[in-house]
Structure formats: C-alpha cells, structure tokens
Amino acid sequence: MDVEHVVGAPHPRLRPFVTRYSGYRLRSEPGIHRGLPSRSLTLVVTVDGTVDLDQGRFATLCGGLHDEAVIITHDGFQHGVQCDLTPLGARAFFGLPAGELAATTVGLDTLDAPAGELRERLQTATTWRDRFAQLDLVLGRLLRPVKQQVEVAWAWQRLAAGATVGEIAAEVGWSRQHLSARFAAEYGLTPKVMGRVMRFERANRMLRGQRRPTLTEVAAACGYTDQAHFNRDWRALCGATPTEWMAAELPFVQGGEASGVAEW
C-alpha cells in the first residue's frame, strides 16, 4: 500500500464553513472503502479518476450528512482532495440548508458550483499547498451571507457538547417534537440520530489515534452502556463491528493520518 495524505487548514475566513482539506493519493489493491458518518458534509474534487458510488461515478461531488456508511468502490488508485464542510457551509457555498443534501450525493455541477474550473485548477497545481490555495480562491468566491435559526444553531452546539435532546428542548423552550422537526429540516437528521453520529465519530477518532485504546475503554469514554451497545451502534452506522472495521480499514486510515501535515 502506497499512501500519501496531506492535511491543510482553509483560509481563516472559510473556517466557519470548512474545517479542513485532505489531499490524498493512494495505491492499493482494488476494493471498497467505507465513507463513515460524521458531523461534516463531504466535498470531493478528484485530480485523477472518479469516486464510484451506487448513485454513480463522480469527478466532483458533495455528500450530505448520513447515518450509515457510504460504500466507495475503487480500482486501487485514488487521487484528489476532500473538504470537510460544516452544515453552515451548505448555506454559504450553495445557498441551501444541509438538510436538502442529507443521505445523498450529488455532483458539484448540480449545485451551480464551478466544478469543471475547480477540477482543472487542482490538476494544474503542482503541490498540495497550491491545490489548497486554489480551493481557498474558488470557495471564497462562492461565499454568500448566511442566516440560520438561532435555536437550531444552539441545538447543534449543545448536542456536540453532549447534552440530551430533552435538555436542549428545555433550554430553547420548544417541545421535543418541534425541536426534532426544526433540527431535521436544517440538518437532515433528527437530533437523536445526530447525537448517535457524533458519539460514533468520537469513538472512531479514538481508534485512529496514535495510542490505540481498548474497545472497552472507547465504549466507556464515549458513553456506550456496554460493549454490546457499542458493537450494535457501530454496526448500524458503519456496516461492520469495530473489530471488523479495524481489520479492513485501520491500516489504510492510520497510514493516511500519519502522513505529512500542511497547515497555515
């Protein structure tokens, strides 16, 4: 396996909308890769080839929030840049709530984004730093004013901090049902489901770390009631148990995460 993975920070004015750029160039045996649920939307621009999903083959794409793994088929070579967008980024770049992209993947051209220009700029650039600078330029040009309901934005922040749906509903003065409806309209998932995704993401990050904890330690740290609960939730969101996922993809993930980092 030959893995090149470089992480870059977007320009400061973009950081409320993009949390990071991840450049990748991978050679391995043909197979599948699981795109795992997280709190980020995924924008990908390939430099070579396509991203092959059940929905089609994409040279550029944006995928919304989801609560199950997205299966990516590859021929052994993958080369491009992934941008992790915050939900607010969907409004800033495309003029729509993240909920309209939930559980789906679309080509960037369908969102009135300059997909062809963006891909050509990345193909012409000779370094990862240059590619990230081109992303800064094009995404910065797409920025528009954004407005989000205060209660819904607060609910996201509190959910990320570990608050329960009942606590959040009481804080904003809404019923749980109204909170769930408004939250789902903005993000595409209910707060209960999004809480599961955020907990799963925390567990996943722990398993990717330099010091790999035991599965029991991860389950306890992330608030799972026991190992069985951890396994059930992981299988539902990932399509595999933690042990199965580590055997299939952890070497690939750790190889990428351990590579060079470029931030500015």
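The values are calculated or read from the model by the stated rules, or taken from the named source; none is laboratory data. Just so it is clear, the model here is predicted, and its values are computed rather than measured. So basically every Cβ, Gly included, is an ideal-geometry build from the backbone, and we count neighbours across all protein chains shown. Quick note on the areas: whole protein, heavy atoms, side chains included, nothing else; ligands and nucleic acids left out. Shrake-Rupley method; radii C 1.70, N 1.55, O 1.52, S 1.80 Å.
Quick notes
- Per-residue SASA remark: residue 192, around 150 Å² accessible (1.4 Å probe; ligands, DNA and RNA not included).
- With R₀ set to 41 Å, the beta-carbon distance separating residue 73 from residue 137 gives a calculated FRET efficiency near 0.80.
- Per residue, the chain exposes 47 Å² of solvent-accessible protein surface, assessed with a 1.4 angstrom probe and all protein chains in place.
- Our summary gives the chain a relative contact order of 23 percent, counting only alpha carbon pairs under 8 angstrom and 6 or more residues apart.
- Gyration tensor verdict on the chain (Cα atoms; rounded if a/c is under 1.5, prolate if a/b is larger than b/c, oblate otherwise): oblate
- Radius 12 Å from Cβ of residue 166, net charge of other residues (Lys, Arg +1; Asp, Glu -1): +1
- Ranking of 246, 1, 198 by solvent-accessible surface, largest first: 1, 246, 198 (1.4 Å probe, protein heavy atoms only, all chains present).
- Between residue 160 and residue 29, the FRET efficiency estimated from the beta carbon spacing at R0 = 41 angstrom works out to 0.65.
- Segment 92-171-segment 222-252 distance, computed between alpha-carbon centres (Å): 27
- Three-way shape label, segment 2-146, alpha-carbon gyration tensor, a/c 1.5: oblate
- Accessible surface of segment 2-146 [probe 1.4 Å, protein heavy atoms]: carbon and sulfur percent: 48
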